[in-house]
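Novice: Structure below; questions to follow.
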Amino acid sequence: MEISSLQKARYAYTPKLPQMLRGGIAEINVLEGAETKSVADCEKIQALFPNTYGKKEIVFQKGQNTSTPKKQVVGVILSGGQAPGGHNVICGLYDALKSTNPENVLYGFKNGPIGLIEDNYVIFDDEYIDQYRNTGGFDIIGSGRTKLETNEQFAIVSEVCKKHGITAIVIIGGDDSNTNAAVLAEYFAANNTGVQVIGCPKTIDGDLKNEDIDCSFGFDTATKTYSEIIGNIERDANSAKKYWHFVKVMGRSASHVALECALKTQPNICLISEEVAAKKMSLSQIADYITDSVAERAARGMNFGVAVIPEGVVEFVPEFAILIAEINELLAGSKADAFNALPTWAEKYAFIENGLTKASMEVFAILPQGIQQQLFLERDPHGNVQVSLIESEKLFSALVADKLAARKKAGTYSGKFSPLHHFLGYEGRCAFPSNFDADYCYSLGYNAFMLIQYGYNGYLSKISNLSKPASEWVAGGMPITKMMNIERRHGEDKPVIKKALVELDGKPFKFFEANRETWAIETSYVYPGAIQYYGPSEVCDITTRTLALEKE
């Protein structure tokens, strides 16, 4: 197989470990802290997790290893969407496992949780692992979105583990995957299987974070990748001086990616979904906000700019959420057939106008026709609107164009507006991990095995103090139940890991808020350039602006 020069060089890169994990397994000791409780709904969570709730947080330190030696046969799965660094979690896990005892075995279950159900696996050896060190992607074993959540599934997994003599499962995933890890850990404990479950925090969206998790892995690399592209677009905009670029970025449930990219590149506009919700902004108000920047820059002779849009922003607009709920009701059951049978869009539009409330119809009417039709053509398996498919970057540029046309008619605007559209998603999910993510992920995997060796179950591999150099990072673990609360899902109360939204009183947003008026009018662009892997540490090992500001 042909490989690039960079890939050859990355194979040879040795990830940095926290000081307490260096020097060999025999020198790693565990320090137990206080017992934990869930972030909310403590009694309900405890009732659901009687065997794994309230366990102690732990930190690893230098000292005599007091774990009980035994042969470990470990299974690992990658769950959910790809994130840079996933391969290094597996490499760190493999290296720790083999350095503890060469007889230890690591099974990689293929294509996500379904691999555990179908008993589809590869047994890792040095030759296999060495092909994936410090590389992006999840192609080492593949990933999948099957959820492990029923007792029938758990029983099958338990049998698969018994068949191979597996002592522990490591689940590398986001909030849903780690929720499933906690439920599986509870099942194993309740049924005395002797199998442990350890989770690792992954998502490029950045919404798996809390007082214990500084950031999820992949966020650093993905936002650096997107920021390089946004910086390139900004430079092009400033060179051509005739286009407004609307750039949608990943982040349906939270705006961490958009905020981080804005902090790195200083675009003219960046929407933050959480602020839209807090201020109860309408689509028209958001469009006015962008239009003001376009008009002011045009008045200064600058008919160009860059706007960053989080993909899920429309779901945070209260009036839009009401509109979607009404549309779902309008097309419930057999009414969808009646609607679809209408031959022309004009007839369908009349059907819609007759079925929506006046307020929702006013919102619907300002949408571009393509978006209107999309709301009625794209349905999910439950018959609901697939809001995530809405091209919000095109929606807002169209609304801005309408606003500018009205201002031009009124004589208050005379500039030119030529929008271009981009969606940055898959481009960042499998990039070569930055040094930060390569080091962080390797440490997460290495640390996961230490949690296994010391007998912990239902714990998340935890590496903290991440704003400091890797030598100062702190390795340990915490019960996954500590991150949980109860949420209503599909009409039922479910234990879930609480998603972290952008904090509007947090330092990263406050810094952005203090500067955005200037950025909106002036050309304050920053061009981050490509991720650097070799050279001065202040260039190669820097972490995100978000983390740096949070830990100031």
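Novice: Please list, in order along the range 199-204, the HN-Hα scalar couplings obtained from phi with the Karplus expression 6.51 cos²θ - 1.76 cosθ + 1.60 (θ = phi - 60°), rounded to whole Hz, x for Gly and Pro.
Specialist: For the range 199-204, the Karplus-derived couplings read x, 10, x, 10, 4, 6 Hz, x marking Gly and Pro.
Novice: For helix 318-330, what angle does its Cα long axis make with the longest principal axis of the chain, in degrees from 0 to 90 and rounded to 10?
Specialist: 90 degrees
Novice: Applying the Karplus parametrisation 6.51 cos²θ - 1.76 cosθ + 1.60 with θ = phi - 60° to the phi angles of the range 431-443, what ³J(HN,Hα) value in whole Hz is obtained for each residue in order, glycine and proline being reported as x?
Specialist: After applying 6.51 cos²θ - 1.76 cosθ + 1.60, I find 5, 3, x, 4, 4, 4, 5, 4, 5, 4, 5, 4, 5 Hz.
Novice: Moving on to the next point. Using just the helices of the chain, give the 222 nm mean residue ellipticity in deg cm²/dmol: DSSP H runs with n ≥ 4 each add -39,500 (n - 2.57), and the total is spread over all residues, rounded to 500.
Specialist: Values: 21 runs with 234 residues, N = 552.
Here the helix-only value at 222 nm equals -13000 deg cm²/dmol.
Novice: Can you find, among GLY194, ILE521, GLN61, the residue farthest towards the positive end of the dipole of the chain? Put +1 on the C-beta of Lys and Arg, -1 on that of Asp and Glu.
Specialist: Comparing the listed Cα positions along the dipole, ILE521 ranks first.
Novice: If you count, for each residue, the other Cβ atoms within 10 Å and average over each peptide, how do 213-222, 62-71, 495-504, 330-339 line up from highest to lowest?
Specialist: 213-222, 495-504, 330-339, 62-71
Novice: Right, something else. How many Å² of accessible area per residue for the chain, probe 1.4 Å?
Specialist: Working: 22710 Å² over 552 residues.
In whole numbers, the chain has 41 Å² accessible per residue.
Novice: Please name whichever of SER414, PHE449, ALA359 sits farthest to the positive end of the charge dipole of the chain, dipole taken about the Cα centre and charges placed at Cβ: Lys and Arg +1, Asp and Glu -1.
Specialist: The residue sitting most towards the positive pole is SER414.
Novice: How big, in percent, is the set of alpha carbon pairs in the range 212-371 lying more than 25 Å apart?
Specialist: Working: 5823 of 12720 pairs.
Looking at the range 212-371, the distances longer than 25 Å represent 46 percent of pairs.
Novice: If packing is taken as the mean number of other Cβ atoms within 10 Å per residue, what is the order of 413-421, 112-120, highest first? Don't skip to the end; give the middle numbers.
Specialist: Values: 413-421: 15.8, 112-120: 20.8.
The peptides rank, most packed first, as 112-120, 413-421.
Novice: Still on this structure, I have one more. I want to verify the translational diffusion coefficient of the chain in µm²/s; compute it with Stokes-Einstein, Rh as the Kirkwood radius over Cα pairs, at 37 °C and 0.692 mPa s. Display every interim value, and only then the final one.
Specialist: Details: Rh = 25.1 Å.
Using the Kirkwood radius from Cα pairs, D works out to 131 µm²/s.
Novice: Rounded to the nearest 5, what % of DSSP beta bridges with both residues in the chain are antiparallel? Don't jump to the answer; show the numbers that get you there.
Specialist: On the way: 24 of 58 bridges.
Roughly 40 percent of the beta bridges in the chain run antiparallel, per DSSP.
Novice: Considering the alpha-carbon set of the range 400-472 alone, what are its Rg and its Dmax in angstrom?
Specialist: Using the Cα atoms of the range 400-472, the pair Rg, Dmax is 25.0, 73 Å.
Novice: What are the extents of the Cα atoms of the range 168-297 along their three principal axes, in Å, largest first?
Specialist: 67, 32, 21
Novice: Per 5 Å bin, what percent of the C-alpha pairs of the range 41-137 does each bin hold, from zero upward?
Specialist: Reading the bins upward from 0: 2, 10, 15, 17, 16, 17, 14, 7, 2, 0.
Novice: For ILE169, what residues show an amide H to amide H distance below 5 Å, using hydrogens built from the backbone and excluding near sequence neighbours?
Specialist: The list, which skips near neighbours in sequence, is GLY75, GLN196, VAL197, ILE198.
Novice: Follow-up. Subtract the Cα-Cα distance of THR518 and ALA9 from 0.36 nm times their separation in residues, and report this length gain in nm to one decimal.
Specialist: Working: separation 509, 0.36 × 509 = 183.24 nm, distance 4.17 nm.
Extra length from THR518 to ALA9 when fully extended: 179.1 nm.
Novice: Pull up all non-local amide H partners of GLY85: gap of 5 or more, or a different chain, and H-to-H distance under 5 Å with H placed in the peptide plane.
Specialist: Amide H neighbours of GLY85, under 5 Å, 5+ apart: GLY137.
Novice: To continue, here is another question. In bins 5 Å wide, starting from 0, what share of all Cα pairs of the range 361-424 does each bin hold, as a percent?
Specialist: Whole-percent P(r) values from 0 Å outward: 4, 15, 21, 20, 17, 12, 6, 4, 2, 1.
Novice: Quick one: angle between helix 345-355 and the longest Cα principal axis of the chain, in degrees between 0 and 90, rounded to 10, please.
Specialist: 80 degrees
Novice: Here is a follow-up. With +1 assigned to the C-beta of every Lys and Arg and -1 to the C-beta of every Asp and Glu, and no other charges, what is the dipole magnitude of the range 381-501 about the Cα centre in debye, to the nearest 20?
Specialist: 600 debye
Novice: Next question. Within the accessible area of the range 376-491, what % is carbon and sulfur when the probe is 1.4 Å and the other protein chains stay in place?
Specialist: Details: 2290 of 4500 Å².
So the carbon and sulfur contribution to the accessible surface is 51 percent.
Novice: For GLU2 and GLU159, compute 0.36 nm times the residue count separating them, minus their Cα-Cα distance, and round to one decimal in nm.
Specialist: Stretched out fully, the GLU2 to GLU159 stretch lengthens by 52.5 nm.
Novice: Separate question: Step through the residues of the range 287-298 one at a time and calculate ³J(HN,Hα) from phi using the Karplus curve (6.51 cos²θ - 1.76 cosθ + 1.60, θ = phi - 60°), rounding each to whole Hz and writing x for Gly and Pro.
Specialist: Using θ = phi - 60°, the values come out as 4, 4, 4, 5, 4, 4, 5, 4, 5, 5, 5, 4 Hz.
Novice: Rounded to the nearest 0.05, what FRET efficiency is calculated for ALA359 and ASN238 with R0 set to 60 Å and r the Cβ-Cβ distance?
Specialist: Values: r = 41 Å, r/R0 = 0.68.
FRET efficiency, ALA359 to ASN238: 0.90.
Novice: Compute for the range 319-418: radius of gyration divided by Kirkwood radius, i.e. Rg/Rh, restricted to C-alpha atoms, rounded to two decimals. If you can, show how the numbers build up before the last one.
Specialist: Details: Rg = 15.5 Å, Rh = 14.9 Å.
With Rg and the Kirkwood Rh in hand, the quotient comes to 1.04.
Novice: Packing-wise, with mean Cβ within 10 Å as the measure, how do 268-274, 29-35, 83-89 rank, highest first? All intermediate terms of the calculation are to be shown ahead of the outcome.
Specialist: Numbers: 268-274: 24.4, 29-35: 13.1, 83-89: 31.3.
Order by mean packing, descending: 83-89, 268-274, 29-35.
Novice: List the residues, sorted by chain then number, that are 5 or more residues from VAL474 or on another chain and whose placed amide H is less than 5 Å from its amide H.
Specialist: Those lying under 5 Å, H to H, from VAL474 are SER464, ASN465.
Novice: Taking one equal scatterer on every alpha-carbon of the range 238-310, how large is log10 of I(q)/I(0) by Debye at q = 0.22, 0.23, 0.24, 0.27 1/Å?
Specialist: The Cα Debye sum returns log10 ratios of -1.02, -1.09, -1.15, -1.28.
Novice: Moving to a separate point now. Using the Cα centre of the chain as the reference point, and only Cβ charges (+1 on K/R, -1 on D/E), how large is the resulting charge dipole? Debye, rounded to the nearest 20. List each step's numbers first, then the result.
Specialist: Working: 55 positive and 67 negative charges, 138 e Å.
Its charge dipole is roughly 660 debye.
Novice: Same structure again: Between VAL39 and TYR426, how many nm apart are label points set 7 Å from Cα along the C-beta direction?
Specialist: My value for the distance between the label points is 3.1 nm.
Novice: As I understand it, the value is the acute angle between the Cα axis of helix 175-190 and the longest principal axis of the Cα atoms of the chain; what does it come to in degrees, rounded to 10?
Specialist: 30 degrees
The values are calculated or read from the model by the stated rules, or taken from the named source; none is laboratory data. Everything numeric here is computed off the predicted structure, so don't read it as measured data. Cβ: placed from backbone, ideal geometry, glycine included. Neighbour counts: every protein chain shown. Accessible surface is based on the protein model in full, side chains and every heavy atom, while ligands, DNA and RNA are left aside. Shrake-Rupley method; radii C 1.70, N 1.55, O 1.52, S 1.80 Å.
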